[in-house]
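Asker: Submitted below is the structure of interest, expressed as structure tokens.
Coordinate-derived values only; no laboratory data. Note that the structure is predicted; figures quoted are calculated from it, not measured. We place every Cβ from the backbone using ideal geometry, glycine too, and count neighbours over all the protein chains shown.
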Amino acid sequence: MKNLLLCGASASILSLAISLPACSRGDEEWGTRTQALIGDSLPGITADDFQTARDAFNTVEEIEDGLGPIFNEQGCGNCHTQGAQGGAGVQIERRFGKFIDGRFSDMDEFGGSLRQLFTVGRFIAFDGHRCNVPLEVEPPQADVNNVGRLTTPLFGLGLVDAMPDSFFDGIAAGQPADTRGVANRVPILLPNVDDTAQHVGTTRVGRFGWKGGIPTLSQFAADAYVNEMGITTQHCIDGNSVLTFAIESAPNGSPVPAGCDDLAPPLDLEGIPAFTDEAVGPCTTGQRELQEDVSEFFAFMTFLAPPDRLPLSPAAAAGQPLFTSTGCADCHTATTFVTPAAPPTRVPGNFAFQPFSDFLVHDMGALGDQIGNDGDSLAVTRRMRTAPLWGIHFRTKLLHDGRTGDIGTAILAHDGQGLKARNAFANLAPTDQQNLIEFVRTL
């Protein structure tokens, strides 16, 4: 599970009696429409319901809640802060790995490629014995070292979650051969409970995370809860108990003594491991229910509105056609997405939006981070999902490892399938370069 990544509805949130109006916004309306503040909800969910989900997202977890034994942060809201709760962050995770005979190993024997940055340290367990959880370190055997991963923004991702796989296939088919991306199909480990077409073990286009390795926002939420905070959860899907996210991370792969993972009270539920921190409980026939906290995180992300664009200055207006002519729009596509008429996640139907990403993975050459799944080739580990550019005007760190806050520097770091656009940008006159940058700043 540590190789999935990331910081991220219960029946109570997603079965709310809400009526979501059909909405459509053409491109020309972006930047001029009125929205109260960044961080608002999409139309159709009441302020109180959205606030309940937001409060859960912002909860600071403690060792008594199941935090640990190792973790990266104490709450989703602590990471996703830029612009509003749910935005990008400034925290940078760390990963490592090793190539063996040309194939990537996530070094599972050392706890997997994600190196959690914090530990619950010393505390007294329920039975009175002393616990001392060590901090994870990068193993000396790793030859892919200290790779950074920046917290991604969540604005508008409920709309992206609603898009069918065929939409992303269509984008890929329309791209030039030398920049064509891959619609990365990955297993669903935790479906959207309201989408009866989704089942555990089926596949879907991965559209979340730096590697496009996560196919649903529900999975994104549960994965973040266990990998970023160390809080384990159990869920019910199609009447079966899902324990994929109930496994604690162990520091460098060495399990801590019993009772030293955290101070969450042991569960006493039939069929649920006692070390699980939060659970739905026994699953009834056909039951599809997420654990309550994961459900609230899912609801917050699902209904979080996309960011507005800034008005075009004369310089930005001059830079807009350059964004296309240089090839930036080959991957950061200006294509208008439109949600299905009646999305199962209850986001507005027929809603038009522009994230400026194809959500495909591309071989980024030297910019690729060389982190992958066990057995991936070097070429596959260089693939990165195209980062959405909407809301970039809120961000202070860019690229997957946050190495720069400067848009021009970020463009010039592109390689692989991004090399052609990088070179086209580099060959522009300085004034044109600045105009293109000013356009990107409006997104």
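Asker: At 0.36 nm per residue, minus the direct Cα-Cα distance, what do residue 315 and residue 378 gain on full extension? Give it in nm, one decimal, please. Write down the numbers at each step before the final one.
Answerer: On the way: separation 63, 0.36 × 63 = 22.68 nm, distance 4.03 nm.
Roughly 18.7 nm would be gained on extension.
Asker: Here's something else I'd like to know. Among (i) 37, 33, 17; (ii) 35, 27, 19; (iii) 35, 30, 24, which one is semi-axes √(5λ) of the Cα gyration tensor in Å computed from these coordinates?
Answerer: Label of the calculated value: (ii).
Asker: Turning to a different aspect of this structure: Determine the relative contact order of the range 355-443: mean sequence separation of Cα pairs under 8 Å and six or more apart, normalised by residue count, in whole percent. Please report the intermediate quantities before stating the final value.
Answerer: Values: 111 pairs, mean separation 26.5, N = 89.
Reported relative contact order: 30 percent.
Asker: Moving on. How far apart, in nm, are two points set 7 Å out from the Cα along the Cα-to-Cβ line at residue 146 and at residue 64?
Answerer: Output for this residue pair reads 3.8 nm.
Asker: In whole Hz and in residue order, list the ³J(HN,Hα) couplings for the range 111-120 that follow from phi through the Karplus curve 6.51 cos²θ - 1.76 cosθ + 1.60, θ = phi - 60°; x for Gly and Pro.
Answerer: x, x, 6, 7, 9, 5, 8, 9, 9, 6
Asker: Here's something else I'd like to know. Under a plain spin-label model, where a point goes 7 Å from the Cα along Cα-to-Cβ, how far apart in nm are residue 412 and residue 108?
Answerer: Each label point is offset 7 Å from its Cα along the Cβ direction, giving 4.3 nm.
Asker: Next question, about the same structure. Treat each spin label as a single point 7 Å out from the Cα along the C-beta direction, and report the residue 325 to residue 90 distance in nm.
Answerer: Taking the simple label geometry, residue 325 and residue 90 are separated by 3.8 nm.
Asker: Tell me, what is the FRET efficiency for residue 135 and residue 51 to the nearest 0.05, using R0 = 41 angstrom and their Cβ-Cβ distance as r?
Answerer: 0.70
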